[in-house]
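Remarks on the structure that follows.
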Amino acid sequence: MSSAPSSAPTDDEEKLAPGRIVATIVFGAFAIAFFAAAFVYFTTPAHSLPSFMGYAATRAIHRLYAVGTFLVGLVFTVAAWFALRWPSRRHSRRSGPRRLPPPPPGPWLALAPWLPRVP
């Protein structure tokens, strides 16, 4: 009998929320689009660019636009990575709700009788 690997998350893995998966896909799609635009800016002379990417009467290549577009693609790539891999607060390793430490003892407690007393 062969044991097939299970696709269910284990205790060490966390199950991703659907919103995080959608955000990763959207950020990845934007990253690919910006990388493609950077490639077009690097390889196409300015007078031959598609009309929605701008027009210039020169034969130079828009190197500054290409670098800027490439950097924006990198930002979207990093955003996709963070959306996919950054640990969420809901799935932290701590169990139970976060509790604040009790207030230090002092004379100001007489002014706030609703605060818990620390022995």
Does Leu74 satisfy being exposed (fewer than 10 other Cβ atoms within 10 Å of the Cβ) and at pLDDT 80 or above? no
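Can you spot a residue in segment 54-65 that is assigned to a helix (DSSP H, G or I) and touching a Ser or Thr at 6+ places or on another chain (Cβ under 9 Å)? Step through it out loud before you land on a result.
Pass one, segment 54-65, residues assigned to a helix (DSSP H, G or I): 63-65.
Restricting the remaining residues to those that are touching a Ser or Thr at 6+ places or on another chain (Cβ under 9 Å) gives none.
No, every residue in segment 54-65 fails to be assigned to a helix (DSSP H, G or I) and touching a Ser or Thr at 6+ places or on another chain (Cβ under 9 Å).
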Only residues that are closer than 30 Å to Phe82 by Cα, in a loop (DSSP other than H, G, I, E, B) and modelled with pLDDT of 85 or more: list them for segment 16-53, please. none
How many residues are modelled with pLDDT under 85 and small (Gly, Ala, Ser) when one looks only at segment 54-71? 4
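The values are calculated or read from the model by the stated rules, or taken from the named source; none is laboratory data. Not measured: the values here are computed from a predicted model. Positions of Cβ are backbone-derived with ideal geometry, glycine not excepted, and every protein chain shown enters the neighbour counts.
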